[in-house]
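J.: Quick one: this structure, given as structure tokens, is what I'll be asking you about.
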Amino acid sequence: MKRFYLLAGAVLLSGAFAALHAADAAYKPQTVRQTPQYLTTDPALVEDTCPGHDILKRFTCTKAQKPGYSCYDVYMVQGDPIAAERYTLLDQTVTIENSSAEPRCTFTDEMTCDNFLNALNYNLDFSWFISNFPSSSFPQCGETYSCTRIACLRPLAPAADGTPRSEKLSCVYKKNQIFFLGAELTCQDKNAPAAR
């Protein structure tokens, strides 16, 4: 009789294992993402809560994540960030020049690179204020070859001998070519019957 109970228990146990295995084999993970949001260009300011915490690539659900699992996925995108984060300032200098004010600054605020960039609508492409493309002076420019120096001048009172004088603002910007998006995601079972 004991043998019978042992045999029946083993059959029931193996049936339960088989049912669990069948359910696991039938689970087909599907990644459902919310609408991605723009985050920043700075990798130090983002946090990925999905397994692996990889901020470079999008996360995709696997069988290791059960249906209903959710996390916040952060990933890198190559392209143009929002206007205010399109450029990073590397250098700002203001000097007095013995020259006429050409090209003249188009803004009347304080002589800062922030005001200059804002006056150019955050667009340095094809700007006539470009003075050169620096590289060797700034290691960040050698890495990406995407740096631009812009300059403009504002007239000052002439020198005692009548020589024209100007205040020159010079800015070196590195163009940011990556940014980060983030989205809440949930893992679902693709084979689960649709809710009615």
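J.: If packing is taken as the mean number of other Cβ atoms within 10 Å per residue, what is the order of 109-115, 70-76, highest first? List each step's numbers first, then the result.
T.: Numbers: 109-115: 14.1, 70-76: 19.0.
The packing order, highest mean first, is 70-76, 109-115.
J.: If you bin the C-alpha pair distances of segment 47-196 every 10 Å from 0, what whole percents do you get?
T.: 10, 27, 21, 15, 12, 9, 4, 2, 0
J.: Can you spot the lysines whose alpha carbon is less than 23 Å from Lys63's alpha carbon? Ignore those fewer than 8 places along the same chain.
T.: Within the straight-line limit of under 23 Å, Lys63 reaches these lysines: Lys28, Lys190.
J.: Now a separate question. Among 119-132, 77-90, 169-182, what's the highest-first ranking by average C-beta atoms within 10 angstrom per residue?
T.: On the way: 119-132: 12.9, 77-90: 14.5, 169-182: 19.9.
Sorting 119-132, 77-90, 169-182 by mean packing, highest first, produces 169-182, 77-90, 119-132.
J.: Search the structure for amide H atoms under 5 Å from the amide H of Cys152, placed 1.01 Å from N in the peptide plane, and list their residues when 5 or more places away or on another chain.
T.: Answer set, sorted by chain and number: Leu169.
J.: If you don't mind, another one. Hey, what's the per residue convex hull volume over the C-alpha atoms of segment 126-196, in cubic angstrom?
T.: Roughly 220 Å³ of hull volume per residue.
J.: Ranked by accessible surface with a 1.4 Å probe, highest first, in what order do Glu102, Glu184, Glu47, Glu97 come?
T.: Most to least solvent-accessible, the answer reads Glu47, Glu102, Glu184, Glu97.
J.: Calculate one ³J(HN,Hα) per residue across segment 62-76 by plugging θ = phi - 60° into the Karplus curve 6.51 cos²θ - 1.76 cosθ + 1.60, and present them in order as whole Hz with x for glycine and proline.
T.: 10, 5, 5, 9, 6, x, x, 5, 9, 7, 9, 9, 10, 8, 8
The values are calculated or read from the model by the stated rules, or taken from the named source; none is laboratory data. This is a predicted model, so every value here is computed, not measured. Positions of Cβ are backbone-derived with ideal geometry, glycine not excepted, and every protein chain shown enters the neighbour counts. These area figures cover heavy atoms from the full protein model, side chains too; ligands, DNA and RNA do not enter into them. Shrake-Rupley method; radii C 1.70, N 1.55, O 1.52, S 1.80 Å.
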